[in-house]
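Undergrad: Please read through the structure below; I'll follow up with questions.
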Amino acid sequence: MDEINRIFGTLGRVRSESVASDTTQSTGSRLVLRHRLQQLLTCVEDLDPKDELKVAKTLDNAFLACGKKANRPKKDCFRLHMVTWNVATADPPDDVSSLLHLNSPKTPDLYVIGLQEVYSGPIRFMSDSVFDDPWSHILMSTLAPRKYIKISSIRMQGLLLLFFSKLEHVPFIRDIRTTYTRTGLFGYWGNKGAVSVRLSFYGHTLCFLNCHLAAHMKYATARVNEFEYIMDTQTFECEKAPSVLDHRLVFWFGDLNFRIQDHGMHFVRSCINSQKYNLLWSNDQLMMMKKKVEALQEFEEGPLDFQPTYKFDLNSDTYDSSGKKRKPAWTDRILWRLRLKPAGKVSSAQAKQKEEFTEFPLRIKQDLYTSHMEYGISDHKPVVGVFSLELCKMQDTPLVCLRAEGDWSADIDSIVLYSPQQPFPSSSWDWIGLYKVGFSSVSDYITYTWVKDNEAVFNEEHMQVHESKVALEEGLMPEKLNGLDQIVSDEFWK
């Protein structure tokens, strides 16, 4: 474009004066566009022949650049609501609306909830392994009427991690894996450690790591060592992102147990009472460790503009008044790490990744980072982080399309036709499930059927499977199936 300006220089100056005022208008204005094209055509007629080839080449480059820009995938924005809370073995409150911001005009697309110290006595733990634990139950029963589905969860003793999604996104949440790491009692006990869920969201790899690290003021270095051990040992059966840090976006959160050191109790409480939280930041152990440990420096965190969330007397906003009088601290945190595009000289694999990062960018912005003081069932207050994820979708077609065949009756088995919409690896574990409308979890299927390994191939034919009449007896009608076809499109929920 600079070349065009140079060549047209004097020639176009007089003519451009008549439309100078139009340049202040929107570039989308048709009037301005017509003036520009008219000006260009007039100038081309008066062009010196020796400059014609140069101008043509410059215009070709300009049109090519415009074409590339026009063909770029459009960006979509998704809202992520995260919660971390050490619940100190308490049962959930009757109402979690405030915690989930259910009255907010902006509804989240995803909920990720990480809990620590969920009650795990022997009898309760056995019961929770068969039935939903009380925390999962209240969260599912609260979110299901709003069309959120529990996609995945993992529990290790008192650590619990739950991932919910709006129904519309379910077909594009794939490659879900979970794992855990024990760090208590030299790695043999799960009272401390981490649980994680990793997945692909519209093709972008995300990992959520819920941790409960070593307690007490003097163990800051031990906490960092535990973090590094967790990062080194957690692996997933996923070729694209086999470790935590291989993911495009990682969230590290939980009761990280970092304290405020050096400052005395009087100074800390004075800063809290006057809301001068920034005076405490320099002595926050996590911030101090970030200056020393390179692995921590890759993680970002929003400003701690809320009062420390530990330790409180139960059912109050009063900090620890017991004989121990523990110093307040921001033990409960939410951090994130966005993987940067490979720079400098790169391998062929990194070059492919660099191209992917350029074509399908992912950006994150934290919209809110705060605590909820109204909950008093624990000596910790819950912390909430709300994020906006801006991304270009790498996937926008469900893997499978389903439809009911013929008339359905409770007296006979029914037939479902399915056809893969794109190639994907099949497995002997692939299955199709039927769900009631309004189901709360992927494990809430009424009935299911296995898909033969050689049937899950990509072609234009429809395959058929038989569904038990149990589904019909439970009230699932065939006209409802189309509302569910996307739900079972996620690799048949294998």
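Undergrad: Can you tell me which condition Pro171 does not meet? The list is (1) at pLDDT below 95; (2) surrounded by fewer than 19 Cβ atoms within 10 Å (Cβ to Cβ); (3) under 23 Å from the mean Cα position of the chain (by Cα), and all the others hold.
TA: Against the list (1) at pLDDT below 95; (2) surrounded by fewer than 19 Cβ atoms within 10 Å (Cβ to Cβ); (3) under 23 Å from the mean Cα position of the chain (by Cα), Pro171 comes up short only on (2).
Residues are listed down the side, and each one gets a yes or a no for (1) of a type in the set (A, V, I, L, M, F, W, C); (2) under 31 Å from the mean Cα position of the chain (by Cα); (3) at pLDDT 95 or above:
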{"site": "Gly323", "(1), (2), (3)": "no, no, no"}
{"site": "Arg363", "(1), (2), (3)": "no, yes, yes"}
{"site": "Gly376", "(1), (2), (3)": "no, yes, yes"}
{"site": "Gly385", "(1), (2), (3)": "no, yes, yes"}
{"site": "Asp396", "(1), (2), (3)": "no, yes, no"}
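Undergrad: Of all residues in region 336-367, which are assigned to a helix (DSSP H, G or I) and not hydroxyl-bearing (Ser, Thr, Tyr)?
TA: Result: Ala349, Gln350, Ala351, Lys352, Gln353, Lys354, Glu355, Glu356, Phe357, Glu359.
Undergrad: Just one of (1) at pLDDT 95 or above; (2) within 23 Å of the chain's Cα centre (by Cα); (3) over 19 Å from Asn210 (Cα atoms) trips up Gln353, so point out which.
TA: Unmet for Gln353, out of (1) at pLDDT 95 or above; (2) within 23 Å of the chain's Cα centre (by Cα); (3) over 19 Å from Asn210 (Cα atoms): (1).
Undergrad: On to the next question. For region 151-179, how many residues meet the condition of being closer than 18 Å to Phe251 by Cβ and in contact with a strand residue (DSSP E or B) (Cβ under 6 Å, 6 or more places away or on another chain)?
TA: Counting residues in region 151-179 that are closer than 18 Å to Phe251 by Cβ and in contact with a strand residue (DSSP E or B) (Cβ under 6 Å, 6 or more places away or on another chain) gives 18.
Undergrad: Determine the pairs where a residue that is at positive phi and surrounded by fewer than 17 Cβ atoms within 10 Å (Cβ to Cβ), located within region 441-453, has a partner that is at pLDDT below 85 and not charged (D, E, K, R) with Cβ atoms under 9 Å apart, the partner being 6 or more residues away or on another chain.
TA: Close Cβ pairs satisfying both conditions: none exist.
Undergrad: Same structure, new question: Are any residues in region 319-377 of a type in the set (Ser, Thr, Tyr) and either closer than 23 Å to Leu115 by Cβ or surrounded by 13 or more Cβ atoms within 10 Å (Cβ to Cβ) (or both), and if so, which ones?
TA: Within region 319-377, Tyr319, Thr331, Tyr369, Thr370, Ser371, Tyr375 meet the criteria.
Undergrad: Among the residues of region 102-110, are any assigned by TED's automatic domain parsing to the domain that holds Gly385, outside any loop (DSSP other than H, G, I, E, B) and at pLDDT 95 or above?
TA: Within region 102-110, one or more residues are assigned by TED's automatic domain parsing to the domain that holds Gly385, outside any loop (DSSP other than H, G, I, E, B) and at pLDDT 95 or above.
Undergrad: All but one of (1) outside any loop (DSSP other than H, G, I, E, B); (2) of a type in the set (S, T, N, Q); (3) more than 22 Å from Pro93 (Cβ to Cβ) hold for Thr370; state the number of the condition that does not hold.
TA: With (1) outside any loop (DSSP other than H, G, I, E, B); (2) of a type in the set (S, T, N, Q); (3) more than 22 Å from Pro93 (Cβ to Cβ) applied to Thr370, the lone miss is (3).
Undergrad: Taking interchain pairs and intrachain pairs at least six residues apart, which have beta carbon atoms under 7 angstrom, with the first residue in region 324-337 and without any contact (Cβ under 8 Å) to a residue 60 or more places away in the chain and the second among the basic types (Lys, Arg)?
TA: Cβ pairs passing all conditions: Arg326/Lys311.
Undergrad: So is Trp429 touching a Pro at 6+ places or on another chain (Cβ under 6 Å) and modelled with pLDDT of 50 or more or not?
TA: Answer is no for this residue.
Undergrad: Could you list, in sequence order, the residues of region 411-426 that are surrounded by 15 or more Cβ atoms within 10 Å (Cβ to Cβ), more than 19 Å from Ile446 (Cβ to Cβ) and modelled with pLDDT under 80?
TA: Phe424, Ser426, listed by residue number.
The values are calculated or read from the model by the stated rules, or taken from the named source; none is laboratory data. Here the structure is a predicted model, which is why all the values come from computation and not from measurement. Using ideal geometry, Cβ is built from the backbone for each residue, glycine included, and neighbour counts are taken over all protein chains shown.
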